[in-house]
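Some notes on the structure that comes next.
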Amino acid sequence: MAASGEGRPVRVLVADDQRVVRDGLLLLLSLLPGIEVVGAAVDGEAAVSQALSLAPDVVLMDLHMPVCDGVEATRRLAAARPSIPVVVVLTSYDDDDSVFAALRAGARGFLTKDAGAADILRALSDVCAGAAQLDPSIQRRLVDAIARGDDLAGPARPKGACGHAGDTPGATASLPPGGLTRREAEVLSEIAAGLSNAEIAAKLVVSDTTVKTHVNHLLAKTGMRDRAQLVAYAFRLGLAR
């Protein structure tokens, strides 16, 4: 049974832009012992606003949302309200860029969306107790990255990740254009090169599902209707080879 340090139920805020996923999480959490759902947000900006007003113990945050992504929302929340010390990030993404960006932003736990009720309950209990909670697959990739000597510090993310005009003066030249993540820019470049989802997955060493999710987010983020428009967009950004 999960419980806060005072013995009261753990107060949870859920942030996910996909209604089916969000509603499913809310239902699951409502059935878990010692859990109280205090709010639900449809994007990162709403998540930060609700977290500051509701002061939950844990925020279950999706990474890739419109208006403000989960990484930037996590960073802003950590800076604005350090008294909310735990943020568990749920995501369907399995690329290292997303994982390490979330951890750098201050996420205390990391679960994939196929996590079961017991995994979620354990994560909530652990982070409320001050421990970190990483999905075993995330732990392995983190250890592998350290063993390879990868630079886990990574480049700074633009402050415009929440989509406000005029917020990007600190962005560096090494960041992808158009507010894309590095992996989204890679996928867009391969789409412009004419590769299929399966071919992109093989080249980037990720699953077909991951590529499909990246493509869906590219369509939502750019406002393009199909792959043909994404190709034209890639040329405009200078990402086509």
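The values are calculated or read from the model by the stated rules, or taken from the named source; none is laboratory data. Just so you know, these numbers come straight off a predicted model, no measurement behind them. Ideal geometry is used to build each Cβ from the backbone, glycine not excepted, and the neighbour counts take in all protein chains shown. All accessible areas refer to the heavy atoms of the entire protein, side chains included, with ligands and DNA or RNA removed. Shrake-Rupley method; radii C 1.70, N 1.55, O 1.52, S 1.80 Å.
Per-residue answers, yes or no, for (1) crowded, with 20+ Cβ neighbours inside 10 Å; (2) at pLDDT below 75:
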position	(1), (2)
LEU103	yes, no
GLY109	yes, no
THR112	no, no
LEU142	no, yes
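For PRO56, the conditions (1) without any contact (Cβ under 8 Å) to a residue 60 or more places away in the chain; (2) over 14 Å from VAL127 (Cβ atoms) are fulfilled apart from (2).
ALA228: in contact with a Lys or Arg (Cβ under 6 Å, 6 or more places away or on another chain) and farther than 22 Å from ALA101 by Cβ, yes or no? Explain how you work it out, then say what you get.
Details: in contact with a Lys or Arg (Cβ under 6 Å, 6 or more places away or on another chain): no; farther than 22 Å from ALA101 by Cβ: yes.
It is false that ALA228 is in contact with a Lys or Arg (Cβ under 6 Å, 6 or more places away or on another chain) and farther than 22 Å from ALA101 by Cβ.
Scanning region 23-37 for residues that are more than 19 Å from THR112 (Cα to Cα) and crowded, with 18+ Cβ neighbours inside 10 Å gives ILE35, VAL37.
Scanning region 224-240 for residues that are more than 16 Å from SER196 (Cβ to Cβ) and outside any helix (DSSP H, G or I) returns MET224, ARG225, GLY238, LEU239, ALA240.
Check whether at least one residue in region 11-22 is more than 21 Å from ALA132 (Cα to Cα), of a type in the set (A, V, I, L, M, F, W, C) and surrounded by fewer than 18 Cβ atoms within 10 Å (Cβ to Cβ), and report yes or no. Step through it out loud before you land on a result.
Just the residues of region 11-22 that are more than 21 Å from ALA132 (Cα to Cα), to begin with: 16-22.
Subset that is of a type in the set (A, V, I, L, M, F, W, C): 20-21.
Add one more test, that the residue is surrounded by fewer than 18 Cβ atoms within 10 Å (Cβ to Cβ), and what stays is 20-21.
Yes - at least one qualifying residue is present in region 11-22.
Would you be able to say whether some residue in region 117-132 is at pLDDT below 75 and either closer than 23 Å to GLY34 by Cβ or of a type in the set (D, E, K, R) (or both)? For region 117-132, residues at pLDDT below 75 and either closer than 23 Å to GLY34 by Cβ or of a type in the set (D, E, K, R) (or both): present.
So if I check each of GLU45, GLU72, which one is open to solvent by less than 20 Å² (accessible area, probe 1.4 Å), out of contact with any strand residue (DSSP E or B) (no Cβ under 9 Å at 6 or more places or on another chain) and on the phi < 0 side of the Ramachandran plot?
Values: GLU45 fails: open to solvent by less than 20 Å² (accessible area, probe 1.4 Å).
Just one listed residue meets the conditions, GLU72.
Report yes if LEU219 is at pLDDT 70 or above, more than 27 Å from ASP43 (Cβ to Cβ), touching an Asp or Glu at 6+ places or on another chain (Cβ under 9 Å) and of a type outside the set (Asp, Glu), otherwise no.
On the way: at pLDDT 70 or above: yes; more than 27 Å from ASP43 (Cβ to Cβ): no; touching an Asp or Glu at 6+ places or on another chain (Cβ under 9 Å): yes; of a type outside the set (Asp, Glu): yes.
No.
Just one of (1) modelled with pLDDT of 75 or more; (2) surrounded by fewer than 13 Cβ atoms within 10 Å (Cβ to Cβ) fails for ARG241. It is (1).
Looking across region 36-91, the residues that are more than 17 Å from the chain's Cα centre (by Cα) and within 14 Å of GLY106 (Cα to Cα) come down to ALA79, ALA80, ARG81, PRO82, SER83, ILE84, PRO85.
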